[in-house]
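S.K.: Please find one structure pasted underneath; my questions will follow.
The numbers here are math on the coordinates, done by the rules we state, and not lab data. Owing to the predicted nature of the structure, the values given are computational and were not obtained by experimental measurement. With ideal geometry, Cβ positions are generated from the backbone for all residues, glycine too; neighbour counts draw on all protein chains shown.
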Amino acid sequence: MLGVVNLTVRYPLEMGTTACYSRRSATSGSIDFNVGQLGLRWFDTIGVTQDELMIHEVAHHRAANHYSEELHEACCELGAKLKQLAMEQPEKMTGSAKSSNEDQ
């Protein structure tokens, strides 16, 4: 989605922010999740909180500026595409972590 074909995910224990996306090329990027700040339990569930952070970070593939309309539009587009995927192909929406409705 948003042109990202290859995504590298890393889990540093310390960094200056909760998460950080780096665009590597037109089709690849990486996300670092600050385990020291998020805590290991954050990764135990797939819920709204995790989805919000993932959508936000992957949207940075299109725009780096937090205050740009382009980033806002990328977040909206990605959220809409994920909803459509969930409706059309729900089998692709499963993961190894347990699902959570607690943060809705």
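S.K.: Can you tell me which condition Val35 does not meet? The list is (1) under 20 Å from Lys92 (Cα atoms); (2) of a type in the set (Val, Ile, Thr); (3) surrounded by 15 or more Cβ atoms within 10 Å (Cβ to Cβ); (4) out of contact with any helix residue (DSSP H, G or I) (no Cβ under 7 Å at 6 or more places or on another chain), and all the others hold.
M.R.: (1)
S.K.: Continuing with this model, one more query. Give just the number: which of (1) exposed (fewer than 12 other Cβ atoms within 10 Å of the Cβ); (2) outside any loop (DSSP other than H, G, I, E, B); (3) among the hydrophobic types (A, V, I, L, M, F, W, C) does Leu71 not satisfy?
M.R.: Checking Leu71 against (1) exposed (fewer than 12 other Cβ atoms within 10 Å of the Cβ); (2) outside any loop (DSSP other than H, G, I, E, B); (3) among the hydrophobic types (A, V, I, L, M, F, W, C), the one that fails is (1).
S.K.: Something else now. Being buried (at least 16 other Cβ atoms within 10 Å of the Cβ) and among the aliphatic types (A, V, I, L, M): is that true of Leu40 here?
M.R.: no
S.K.: Please name all residue pairs, on different chains or six or more residues apart, with Cβ atoms under 8 Å, provided the first residue is in the range 3-24 and is touching a residue at least 24 places away in the same chain (Cβ under 8 Å) and among the polar types (S, T, N, Q) and the second residue is surrounded by 13 or more Cβ atoms within 10 Å (Cβ to Cβ) and not in a strand (DSSP E or B).
M.R.: The qualifying pairs are Thr18/Asn34; Thr18/Gln37; Thr18/Leu38; Thr18/Leu53.
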